[in-house]
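The values are calculated or read from the model by the stated rules, or taken from the named source; none is laboratory data. Computed from a predicted model, the values in this text were never measured in an experiment. FYI the Cβ positions are ideal-geometry reconstructions off the backbone, even for glycines, and counts take in every protein chain you see. SASA here: full protein model, heavy atoms, side chains in, ligands and nucleic acids out. Shrake-Rupley method; radii C 1.70, N 1.55, O 1.52, S 1.80 Å.
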Amino acid sequence: MTRTWQPADAAAAGRQRAGLRPPLDPLQSAARARRFGSLYYLEHWLRAMRGYGWTVALTAVGTPLVYLFGLGVGLAALVDANTSAAASLGSGRPVPYLVFVAPALLATAAIMVATDENTYPVMSGFKWRRTYYGPNASPLSSHQLVNGHCLGVLCRLLLTTGLYFLFLLPAGAVLEASGWMMILTSALGGLAFGLPVMAYAARIEEDKGQFALVQRFIVMPLFLFSGTYFPLEAMPLVVRWIGWISPLWHSTELGRVLSYGQAEPAWLTAVHLGYLALLAVAGWLAARRIYARRLGK
Amino acid sequence: MISARNLTKKFGDVAAVDGISFEVRAGESFGLLGPNGAGKSTTMRMIGGVSRRSSGELAIMGLDPDRYGPEVRAHLGVVPQQDNLDEELRVRDNLIVYGRYFGLPHSYLRPKADELLEFAQLTDKAKSKIDALSGGMKRRLTIARSLINEPRMLLLDEPTTGLDPQARHILWDRLFRLKESGVTLILTTHYMDEAEQLCDRLIVVDKGRIMAEGSPAALIREHSTREVLELRFGSERNASVAAELAGIGERQETLPDRVLIYADDGEAALEQVSARGLRPLTTLVRRSSLEDVFLRLTGRSLID
Ligand SMILES: Nc1ncnc2c1ncn2[C@@H]1O[C@H](COP(=O)(O)OP(=O)(O)O)[C@@H](O)[C@H]1O
Ligand SMILES: [Mg+2]
């Protein structure tokens, strides 16, 4: 066996490797990673999002434009003309349909974005592009990957709901000053749905079209049965439970309280908030366990 | 730098790594040579502090990776078997983002990324998408990425598998430079020539166990003869002719496509074959390689 190559120029090789020395030693690096690792991964996440920044921006701006315009000139006019509006302010004064439906649109947009970010990108991190395995071999821990991802999703949700809210204002779809808090509650609603989906996506080994099924049999029914386009009370009792377990319903109802002061007992508002937080935390914890198991094999 | 004792990893009932022990010293180039499924990658993931061992003892720089995962990983550069570059980022950004995981500041990472791109001969690709790189370029970028923290120890899992010969030689040259500069290399391969060229010392693994350990030259000396005579009689006849070759050389091995005769003097053995009136279709005298060592130890070829 002859050597087919030789170190062409050992001196040059030495010079080339006498490169820049890092300002931290490995133990200092590890200490920083332990403390800030989630933020380092968030930084990566946001940089990668810039790669599809146009999609993000178009979705964030286009969705409210399309829906508000469509509903504003079409459905809302029709409904307002024909019904003694189903929803009413505490006093019984009817609410314009656009005001009634706006919190639902906002909550829906957040859930859509959260679904996008937590299905294929998560599976791809484990399977196709294997992007999780790079950082996993660095000082970061799998928990920090999960945290960084969740923070990234939260950033995108706030961007989405914040922009959406800015479109709602001039459309006259928000009546109360507390309406801006919908930006936060809708984002929470997005996490309440998105993080359990993240945990589920992280478990999938084989792509057999599961996400299409999630879309068809979970997301779509949620939209139909969550009191989005008409109040849940208009539904027969037998299907109302779908609304009660649906994060979309809780998120929408919260929005209605904040946006136009929909009358509702305080305990129910607390239930909305608590339920959304519970789902988000449960999804987050499950994702941490599943990521750790799968990346630590 | 590494010390493993009875290191074991089980997936369910199957032991992918079945009680292996070895030490790696600073500055050494240490290899794991074995066929697919031998447990090389599993071993590397345990050394890399990402996969928890089922039993045994393991210390990297004196640290137990199960307890000090981030500390262990901060010492290492890792080149996994499958590239996992982020295709949503440009070539240079892949390096910078990775460096951030080590808590390194941008003021260090920007010039460092340029230095490493130069080392990996990718300077003109700095702004390219990952998709636009060839397999060899991706591999070099992955190696560059693993060097972002200037690790003293580099783990390379099958660094050149799937590359064409030219790309392999470029890569070997880069690895050799790292070795020259004192970086400890731990690499797995199922190419015997790669092991012979890059490794000071290696273990031959099969089915999760160590079959032999030593320098390439010592392993060949110990488990094989100096030369090998390869004879091809045509696939139907190899087996039947083998009997007529009895007594030539120290040892013989009959494979489906050829007969191997192990002898210190291959030419002399060939003369003996001719003297018996046998006329092989082709003959070849060559030096013994690690392939022969593997065949001797396991009765199987490295690459099937
Ligand atoms: N995550 C896993 N789950 C179950 N079995 C695995 C897993 N990873 C590896 N194995 C099994 O362990 C054995 C060793 O695999 P590996 O370490 O990848 O070998 P090598 O790198 O030498 O080709 C194989 O039989 C493989 O099927
Ligand atoms: Mg392998």
When B:Ala246 is run through (1) surrounded by fewer than 22 Cβ atoms within 10 Å (Cβ to Cβ); (2) among the aliphatic types (A, V, I, L, M); (3) in the same structural domain as B:Glu87 (by TED's automatic domain parsing), the failure sits at (3)
Is it the case that some residue within segment B:78-101 is farther than 22 Å from A:Gly148 by Cβ, more than 16 Å from ligand 2 (Cβ to nearest atom), in a loop (DSSP other than H, G, I, E, B) and open to solvent by less than 10 Å² (accessible area, probe 1.4 Å)? no
Condition check: on the phi < 0 side of the Ramachandran plot, at pLDDT below 90 and open to solvent by 30 Å² or more (accessible area, probe 1.4 Å). Does B:Arg168 satisfy that? yes
Any chance segment B:71-93 includes a residue that's more than 23 Å from B:Ala144 (Cβ to Cβ) and within 11 Å of another protein chain (Cβ to nearest Cβ)? yes
Right, B:Ser41: outside any helix (DSSP H, G or I), of a type in the set (Ser, Thr, Tyr) and either within 15 Å of ligand 1 (Cβ to nearest atom) or out of contact with any His (no Cβ under 9 Å at 6 or more places or on another chain) (or both) or not? no
Check whether at least one residue in segment A:55-76 is modelled with pLDDT of 95 or more and among the small types (Gly, Ala, Ser), and report yes or no. no
So, in segment B:128-171, of the ones that are closer than 16 Å to B:Leu89 by Cα and within 13 Å of chain A (Cβ to nearest Cβ), which residue ends up nearest to ligand 1 (Cβ to nearest atom)? B:Thr142
List the number of the failed condition for B:Arg73; all other conditions in (1) part of a helix (DSSP H, G or I); (2) within 16 Å of ligand 2 (Cβ to nearest atom); (3) of a type in the set (D, E, K, R) hold. (2)
Residue under question is B:Val72, and the condition is that it be over 30 Å from A:Asp25 (Cβ atoms), modelled with pLDDT of 95 or more, in contact with a Leu (Cβ under 9 Å, 6 or more places away or on another chain) and surrounded by 15 or more Cβ atoms within 10 Å (Cβ to Cβ); does it hold? no
The residue that is nearest to B:Val72 (Cα to Cα), considering only those in segment B:30-54 that are aliphatic (A, V, I, L, M) and touching a helix residue (DSSP H, G or I) at 6+ places or on another chain (Cβ under 7 Å), is B:Val50
Answer yes if at least one residue in segment B:38-56 is more than 16 Å from ligand 2 (Cβ to nearest atom), at the interface with chain A (Cβ under 9 Å from one of its Cβ atoms) and not β-branched (Val, Ile, Thr), and no otherwise. yes
Could you tell me whether segment B:16-29 includes any residue that is within 11 Å of ligand 1 (Cβ to nearest atom), within 14 Å of chain A (Cβ to nearest Cβ), of a type in the set (A, V, I, L, M, F, W, C) and farther than 23 Å from B:Glu71 by Cβ? yes
If A:Val219 satisfies all but one of (1) closer than 30 Å to B:Lys10 by Cβ; (2) buried (at least 16 other Cβ atoms within 10 Å of the Cβ), what's the number of the condition it fails? (1)
By residue number, the members of segment A:127-153 that are among the polar types (S, T, N, Q) and open to solvent by less than 10 Å² (accessible area, probe 1.4 Å) are A:Ser138
Among (1) under 40 Å from the mean Cα position of the chain (by Cα); (2) at pLDDT below 85, A:Leu39 falls short only on (2)
Any residue at all in segment B:59-71 that's within 20 Å of the chain's Cα centre (by Cα), more than 12 Å from ligand 1 (Cβ to nearest atom) and of a type in the set (Asp, Glu)? no
